[in-house]
1. I want to make sure I understand the PRE zone here: with the label point 7 angstrom from the Cα of residue 76 toward its beta carbon, which residues in segment 102-116 have backbone N atoms less than 20 Å away?
2. With a ≥ b ≥ c the root eigenvalues of the C-alpha gyration tensor of segment 119-159, is it rounded (a/c under 1.5), prolate (a/b larger than b/c) or oblate?
3. Could you calculate the FRET efficiency of residue 142 with residue 188 from 1/(1 + (r/R0)^6), where r is the beta carbon distance between them and R0 is 22 Å, rounded to 0.05?
4. Sticking with the crude label model, points 7 Å out along Cα→Cβ, report the distance from residue 157 to residue 66 in nm, one decimal please.
5. So how much slack lies between residue 112 and residue 225, counting 0.36 nm per residue of separation and subtracting their Cα-Cα distance, in nm?
6. Can you give the Kirkwood hydrodynamic radius for segment 116-195, in Å, rounded to one decimal and based on Cα pairs?
7. Sorted from fewest to most neighbouring beta carbons within 10 Å, what does the list 193, 183 look like?
8. Can you tell me the order of 99-112, 153-166, 256-269 when each peptide is scored by its average per-residue count of other Cβ atoms within 10 angstrom, highest first?
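Readers should treat all values here as calculations from the given coordinates under stated rules, not as data from a laboratory. Predicted model only: the values in this text are computed from it and were never measured. Every residue, glycine among them, receives a Cβ derived from its backbone with ideal geometry; neighbour counts consider all protein chains shown.
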Ligand SMILES: [Zn+2]
């Protein structure tokens with residue numbers, strides 16, 4: 001059985017744009033930006049041994065015959081390992097890195113049970129899930145430099161896969177990085193943690209399916225939208241300086257910026273309660 005929360009295609013992308021072009025009401029917390037890696041055509045081979053295995057015949061997020069469910073009798077929501085088993089049995093392409101033994105990665109720290117529950121929820125709710133058809137590693141990071149980080153990798157055979165790092169700041173980073181987020185106070189919110197995961201999942205979806213970004217650009221152009229990087233609705237507070245070093249390559253810079261706006265729009269559509277709400 002395939003999980004498909006919503007059929008995702010060009011109409012969805014257009015609807016994301018339409019919703020985002022409506023005035024939104026305000027209120028939320030201070031923004032701490034996330035960092036994304038440069039969009040390298042091909043990242044170097046991994047040095048994490050077993051973590052490199054990528055399924056050659058990758059399929060979209062699929063459900064195994066009998067995945068472990070949080071609703072199962074005896075499921076302990078306070079037990080991180082039970083959540084990991086639930087996630088990895090339900091989504092075989094997802095590997096939750098535990099930081100133990102062979103499952104080690106840079107800046108790795110253990111996931112809490114609550115965070116894993118939010119990861120489970122986000123994977124279940126993700127609106128572009130059919131584009132997550134390659135392996136993804138989820139690493140809980142202790143880095144203070146970003147809220148989330150999505151690394152585009154390829155294995156030795158050229159198969160793309162992703163590494164997503166989720167750091168503490170994921171709890172406080174608002175999805176849209178909009179003007180109204182300035183008025184937020186620094187509260188941790190589960191919606192923000194989930195929003196950061198959805199944001200980074202969207203970078204991975206674009207890595208696996210670059211056509212998503214082409215559709216996004218075509219939809220924007222069709223609607224005559226040119227927000228740039230300082231639009232008050234989306235991305236105003238994002239630390240765009242991270243991409244300054246790409247300015248010498250206008251095409252790569254543009255691709256990177258649009259990928260960022262797209263990831264924010266998807267995340268905001270899913271987890272910003274003010275997104276798309278008219279004040280009228
Ligand atoms: Zn990003």
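1. 110-116
2. On the way: a/c = 2.42, a/b = 1.07, b/c = 2.27.
Taking the square roots of the gyration eigenvalues as a ≥ b ≥ c, segment 119-159 is oblate.
3. So, using R0 = 22 Å, E works out to roughly 0.85.
4. 3.0
5. Values: separation 113, 0.36 × 113 = 40.68 nm, distance 4.06 nm.
Working it through step by step, the gained length comes to 36.6 nm.
6. Details: mean 1/r = 0.0711 Å⁻¹.
When all Cα pairs of segment 116-195 are included, the Kirkwood radius is 14.1 Å.
7. The fewest-first ordering by Cβ neighbours comes to 183, 193.
8. My ranking of the peptides, most packed first, is 256-269, 153-166, 99-112.
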